[in-house]
Every structure is written in C-alpha cells, then in structure tokens.
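First the structure, in the form of structure tokens, and then the observations on it.
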Amino acid sequence: MRRVLPKLTTALSALCCALSLSACDSPRASSSATATTAAHRPWLPRACPDSGPTFEPATKDGSANAQLDLCRIDSASLERGAEPPDLAEARARAAARLATLSQDEKLRLVQGSSGAFVGNIPAVGGMPAISLQDGPAGVARFSDVTAFPAPIALAATWDRALVQSFGAAMGEEERGKGVMIQLAPMMNLARVPAAGRNFESFGEDPYLAGELAAREVLGIQSQKVVATAKHFVGNEQETNRTSSDSRIDERTLHELYYEPFAASVEAGVGAVMCSYNRINGAYACENPGVLGDLKAELGFSGFVMSDWGATHSTVEAANAGLDLEMPLGQNFSGLAQAISAKSVAEARLDDMVLRLLTSLERVGVLGDPPTGNPSSVVTSAAHAELARQAASESITLLKNDAAILPLDPAKSVLVVGEAGSTQPSVAGGGSAFVDAPYVVSPLAALQSRSGLTVAYDDGTSDSLLTAAQAADVALVFVHVPSGEGLDRASLSSGADALIAKVAAANPNTIVILNTPGAVLMPWLAQVRAVLVAWYPGQENGNAVASVLYGDANPSGKLPLSFPASEADLPQPSGAHTVTYAEGLAIGYRALDSAGKAPLFSFGFGLSYTSFAYSALALSAGSEPGSLSATFDLTNTGTRAGSEIAQLYLGFPPSAAEPPQVLRGFERVTLQPGETRSVEIELSPRAFSCWSAGRHARYVPSGTYRITIGGSAQGAALQAELELTGSEP
Ligand code: BGC
C-alpha cells in the first residue's frame, strides 16, 4: 500500500541514481542545474555527486549499517501515489451522466434530504436514490447485522489482511441493506487519550492508521460501496466539537493528521467527510486551506461531504471545496441563488456532481444498485466467525506474571463484574453503535469452554470476598464506557476499588479491560495478569475465553500508548481555541520526546510464546531509492503465535522529528521453533519530512537509526544509515 508511484521522469532520474548508470545521469542532477530546473525541482541539491550508488551496505565489518543516496530524489516522488487506475473511465461515465442533468437535478444531488438512511439523496436523472449509512464498526442503526469489534480492536491486530476482510464484510452488509456510501473508516489520531471517539479510530500513529484505513477502504469498495474517510481534520476531542478551533501548524497537519487520509486517497477512497471543528480559524467544511490541500496536495479526486450539520455557509463552503451537504441542504439550498449571483461558479456545481458520480461509478454501484433494504437480514455465520476471529486477534496481553495464563481448565474460576456476565461489552456509543443480534457473555463462554460451573459475582454482593477467596482464580471484567459527543472524564477505569478489593482477597486476580483506549492501573502490582479486550462486538465471550484458555495466542499490540499519568498526554480542552502546541509529539512521540516512561508503550503486547529477532541486513529495495530491511524472526517458545514486528526510524537531529517514528510492520505467524525471514521495505517517502517553508516534502541528510522489535520500547535490532538527502 505504501508504494509511491513516481512520475516517469522522476522514476528515470531516481533509477539512474539507484543503478549508478553514469550514462543516465542527467545534467540537471549536477551542480550546474539550470534555473528552470531548480524552480521546478526545489529540492534538487546544489551539488549531488555525479555518480555513486544509491545504496551501499557496509557489510565488511558484519554490521548492518549502510549508506543511502537520495540526493537526486524529486519532491514529487515523495508524495503518495498516482490516481486510481480506473479513474479516467469512471470520470468519463460520470461526465456523460452529468451532461444529461438540469441545474435543478444537479442541485438536488449536492444536498441531503430525509429518508430511510442516515443520509439520503433523492433519485434524479434516471439514477437511483443514493443512500448513506454509518459506520466504522458495522452497519449502524439497523438490526440483523453483525456487530464487529470496534476499529480500535482491529487496529490492535495490526493485521492488514484481516482489516481488509473486515471492510469487505461490512461493505457487503451495507450493500445488503441498500446502502451505497458507508460512513467509514474513521482515522482521527487519538491525540487526547480520553477523547470519546478513540474507539472508532485506528489509534495514535499516522502510519498504522493509514495502512489499516487503506485496507478497510479497499475492502468496503470491493463490495460496490463507496467508503468515507472521516473526519477531516483535527477532530481530536468531543468537548466543544462543533465549535472549537484546532490550531495546527502546517508541518504537523501534513506529517500527522493528513497522513491516514493520504493513505486512504492512495487506496482510492471515494468520499471524505469534513469535520465539525474549525482548523486554524475556519470551519473544516468551508476551509480552503485544508480542503485545498486534500484535493490538490493529496490528490483526492472523490467528493467531500459535510459531517452531519457541519456546514455553516453556502458560498464559502462551495468555493472552499465542499461537494455535498449532509444531512439536509440548509446551506446548499442557497446554491442556485449563489450561482445566479455569480458568487459560486456554475462549473463548481458541475465539479461537485462530477466528483460524486465519479466515485459512485468507480465502485460500480450506479450500474448495479443494491437490491436490499433496511429490513434485509445481512448478518451471516461467516461474518460472525470473522467477528470472533478479529476479537480474538485483538486481545492484548499486558501482564502475565508467573505465566498464570493460559488458565488451567481444572482451576476454579470466579467471574466478577457485570461486564463478565449480564452486561457484556459490545460497542461504543453514538453513530458507530451497532445493534448486535446476540452477545456471547464471557461467563457463558468460559463455562462452555471449561465444562465447569464458573462462579459469578457482580462485584457488589456481600459475599464477594468469600467468593474471591474460595476460587483458584478471579477474573475481573471491566467495561469502560465511551461514545460520540462526550470525552471520558478521566483515564480511570472506574473499577479501581473493586479490582483492589478482589486482588486483596485472591492472589490470582486477572483483569480484563473492555476499554476504548488507555486507562490508568493503580492496582497493577496487585494483580497477576491484565488483558485488554477493547470493545469486542457480539463474539465477546468466545474471543476472550479462547485466549484465557490458550486456544488462541494473545497477539494484539497496543495501537495507542497507555501513559503512566494523565498529565503525560493532553486532556480534552474546554477552550474554544485548542492549540496543538505539541506539534508532532503526540502519543509515544510525546512520551519519548519528554523522556517519560509509559505504563505500557505503543506497540506493546505479550504472548504465550516468545520471539527472537536476529540477522538484520539492509539492502536496496524493489523501487528506486527504497531500502529493504530483512531480519530473522524465530518463535523460541512452545506454542504457535503471531508476532508484530515493528520498524521505527530515528531521524538525524537536524530534522527535528520525535526520537522515533513507526515506518513499517509485519505480522508474522510462527510455529514453535520456526524461523522466518521478514522483510520491511521503506520507500524514499519514509525518510521525508514536511518543510513548512517550502510547502513540500524533502529528505533530511544525516545519520538515521533503524530500530526493529516488538514494541516502541522493545528494540531488538538496530542499524544506522548514512543518508544523503534532498535538501538544498
Ligand atoms: C458523526 C459522523 C457520522 C454522522 C452520521 C455525525 O454525528 O460525527 O461520524 O457519520 O453523524 O451519523
């Protein structure tokens, strides 16, 4: 997914560099670059060497260190990939439809109306009515659908293929209900750990979020349903979400908050939803800066729809780049008048409609509209199984003292807490809420797995301590609620006293957290094990029982940091101006920059088996100027399991980046004793930063550190890379 598709000229120039073919060397790459060339290629350095390989491993001493020469890399090739291959054809079909529409019909296509779905566009010009529906965890609002785990759980799997299957399954269900545009994936960045919608997101890292969002887009759109990347942009808390102004500097926007959207655009996402908030003064849906960046810089060819009620003007919004007002046309109903007054060009209206129809044409839904309706039964045994697999893969083991897990089935178990029985955790609240057809409770699943009667206490009974003392093991289930419209009041799990009480009575206390994100754990030292099971969807109990009893190995890794203290990361701000003063330093980037140890770091998760990393080697990658890092990964334990190997890049100090940033990962499943060679490739873009001065990417020169391991704090292998960059 992370392929940068350079333009031909760039590719040739870089290829020459890569292969060191002096015959290919172009004069513009020398110090005598012409003025014209310099103007077009602002990053051409004053003096690139005339020859010399792009990549040179320093293998003589057996180290993995290497040199990479990106001196001649063009800033254009540091941008993300080209237009979707099928775009031109889809646009031609859309243009043909557009040509048949009257102005009145066009106007009806750019504003919502009432109807059976959360968003509705009436039928015009012989086309079917267009239906829009949430959301990120499955089909929202309707019944007989599959309640998948929350996206934050999918993010904890770091499993690209699984996320694509999840997207395809959701897309199939949406289409089965008659939906043409799905309002997912969500890719805000959990800047604030207590933000109410973090459960809908893919966590705090723009690379991870981008990789997974792109896969979800591919999955959804494979089902003839348009995917929607949301919420663009800087929608990082619920407090004052419809009025607050996110003040974000240009570099931070480009390197962090735009990045998952850029990955989605590269994957061909058909729609982007602009957010409720303002960005640097102007509301997102009438913000020429960010919408201009989306369409010009990120190359987005689809349509921008407003979040529900996030449009505040007619002329400003239309001219800034809003293409569709949702859910009704309070503002765009004034477009006809604005066009006749010439404050909005007729061509802008055509562009809005062309973008909408092009995205619908590209996924193929206009030619083949869905036949289902909101009453159709769309859940299936296969989707329930996918929901179970995803929930199981997402479970993240944070502590497992003396290998208390997996549980010995002969041990007597007490389940504590309603989340373990009568109120099992399923989903977060708000537009992403999914009506589960059933929910498997942990208690029921544990009983069926162990064949024993598992004791239960809701945590409030007088007999709790006696029951806890009597059991071999106490499992405390905690649901931490969260939803749209409200940030969490704190990072407390809300169950500190209960956990401490049970742990005081039973030394084998295990805590299972159904949480949307980070929580504090003042009781951590008193308990034997901690599992994060996120919001697991309808298969909750089956997933957690499979991990607790070791039928499945826990292989989730945290997609966001668990800080040691609330003060270590930003709180929701009550101010109307929210300044992102930390810039690039969010999540683990912030903790690393401040030298603060997390409670559990980004990327962390234990396993029932163990893994060893060895034999790091760097070599030229498959594309011009790219780098390939290969290493061996061995399952050194006695159980099969998956490891998520992560590659972090440390930039030279001149780049002023956080100490390390995630730039690659692979999820590898290994049998006991098995070794596999793993490859992670870094494109030239991976080494790039955004220059606010030049409004473009460049590659800083200097020494880069490549760190590979099982978490942001788990360096197992390291190498250095001397890089000749592209700054002037
Ligand atoms: C949310 C969006 C959602 C829309 C439609 C809004 O309140 O912010 O994420 O897609 O409602 O339900």
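Each reported figure results from applying straightforward, stated rules to the coordinates on display, with no laboratory input. All values reported here derive from a predicted model rather than from experimental measurement. Methodologically, a virtual Cβ is constructed for each residue, glycine included, from the backbone with ideal geometry; neighbour enumeration extends over all protein chains shown.
Points to keep in mind about this one:
- Answer residue from the range 586-600, given it is surrounded by fewer than 21 Cβ atoms within 10 Å (Cβ to Cβ) and of a type outside the set (Lys, Arg) and is nearest to Glu250 (Cα to Cα) among those: Ser593
- Where strands (runs of 3 or more DSSP E) fall entirely within the range 535-635, those with at least 2 residues that are under 25 Å from the mean Cα position of the chain (by Cα) are at 577-579, 627-635.
- Residue check for Asp245: of a type in the set (Asp, Glu) and within 15 Å of the ligand (Cβ to nearest atom): no
- Set Gly420, Gly494, Gly428: member being buried (at least 23 other Cβ atoms within 10 Å of the Cβ) and away from the ligand (no atom under 16 Å from the Cβ): Gly420
- Enumerated strands (runs of 3 or more DSSP E) restricted to the range 215-286, each holding at least 3 residues that are in contact with a helix residue (DSSP H, G or I) (Cβ under 9 Å, 6 or more places away or on another chain) and of a type in the set (A, V, I, L, M, F, W, C): 226-232, 271-274
- Top-ranked residue of the range 89-99 - restricted to ones that are under 12 Å from Leu354 (Cα atoms) and loosely packed, with under 14 Cβ neighbours inside 10 Å, ranked as farthest from the chain's Cα centre (by Cα): Ala99
- Filter pass, Val439 being surrounded by fewer than 17 Cβ atoms within 10 Å (Cβ to Cβ) and of a type outside the set (Phe, Trp, Tyr): no
- Filter result for Pro437 (out of contact with any Asp or Glu (no Cβ under 8 Å at 6 or more places or on another chain) and under 28 Å from Thr379 (Cα atoms)): no
- Figure legend. Inter-residue proximity from the range 227-255: first residues in contact (Cβ under 8 Å) with a residue 40 or more places away in the chain and at positive phi, second residues within 16 Å of the ligand (Cβ to nearest atom) and among the basic types (Lys, Arg), beta-carbon distance below 9 Å, spacing 6+ or different chains. Indicated pairs: Gly234/Arg278.
- Residue match in the range 261-268 (condition: within 22 Å of Glu484 (Cβ to Cβ), within 13 Å of the ligand (Cβ to nearest atom) and in contact (Cβ under 8 Å) with a residue 24 or more places away in the chain): no
- The one condition from (1) in a loop (DSSP other than H, G, I, E, B); (2) out of contact with any Cys (no Cβ under 6 Å at 6 or more places or on another chain); (3) under 23 Å from Ser243 (Cβ atoms); (4) in contact (Cβ under 8 Å) with a residue 60 or more places away in the chain that Ser313 does not meet is (4).
- Only one of the numbered conditions (1) within 12 Å of the ligand (Cβ to nearest atom); (2) more than 16 Å from Leu324 (Cα to Cα) is not met by Gln133, and that is (2).
- Test: residue in the range 322-332 that is out of contact with any strand residue (DSSP E or B) (no Cβ under 6 Å at 6 or more places or on another chain) and within 16 Å of the ligand (Cβ to nearest atom): yes
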